[in-house]
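Down below is the structure, laid out as structure tokens.
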Amino acid sequence: LLCKESGMLLLWLLAVLEVSLYRGCWAGRERPALAWLGWAALLAPLLLLALWWTPETLAAGYARRDFTLQERVLTQLRLLWHYLGWMVWPDIGAMGFQHDDIPLSQGWLRPATTLVAALAWLAALALALLWRRASLLLFALLFYLVGHVRESSFSPLEMVYEHRIYLPRVGVFVLL
């Protein structure tokens, strides 16, 4: 944590492993309490984030940005798909230091791909959760999404940088 901010995700990523791959199994036996503990450990950081940061605190970080908190969060739903595409089908022409050509999402339908991206994330998670044999898919999705929490969610950072995908891509590459 002291040398790289993504280190704060380590315990959360361990919860991802428990929920997606181990699923409460210990020494070859199902342990329901351990499964519930894994889900609690996965969801607890979301609750802590909601309690720690108020909308006013979060919005204050955007005073010097060309976009709002809402625009950032909505745009990141689309950008997470971009990052995934850049990992799976790299295109050197689409990569660079500046990505001013990516439009901000100003609402769920502006552009309409914002809603499509959000629904696609929900559908992928639902499929991975409901399809019991898709534990590797659930691992990849959760590792990818949790891995992006720090740099691709509410923090008032620049909108797009390819270097944000180095840790989250581990889950995707394990799946592939």
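The values are calculated or read from the model by the stated rules, or taken from the named source; none is laboratory data. Treat the numbers as computed from the prediction; the structure is a model and nothing was measured. Don't worry about glycine lacking a Cβ; one is built from the backbone with ideal geometry, like all the others, and counts go over all protein chains shown. In case anyone asks, the SASA skips ligands and DNA or RNA and just uses the protein heavy atoms, side chains included. Shrake-Rupley method; radii C 1.70, N 1.55, O 1.52, S 1.80 Å.
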Among 117, 27, 128: highest mean-square fluctuation, GNM of the chain, C-alpha pairs under 10 Å: 27
Taking all protein chains as present, what is the carbon and sulfur share of the accessible area of the chain, in % to the nearest whole number, probe 1.4 Å? 70 percent
Using only Cα atoms, find the angle between the long axis of helix 113-130 and the longest principal axis of the chain, and express it within 0 to 90 degrees, rounded to the nearest 10. 0 degrees
If exposed means no more than 12 neighbouring beta carbons inside 10 Å and the site is in a DSSP loop, what's the longest run of the chain without any exposed trypsin sites (Lys or Arg not before Pro)? 65-131
Calculate, axis by axis, the spread of Cα positions in the chain along the three principal axes, and write the results as whole Å, longest axis first. 53, 37, 35
Could you state the number of Å between the C-alpha centres of the stretch 41-78 and the stretch 97-163? 14 Å
Tell me the per residue accessible area of the chain using a 1.4 Å probe; a whole number in Å² is fine. 63 Å²
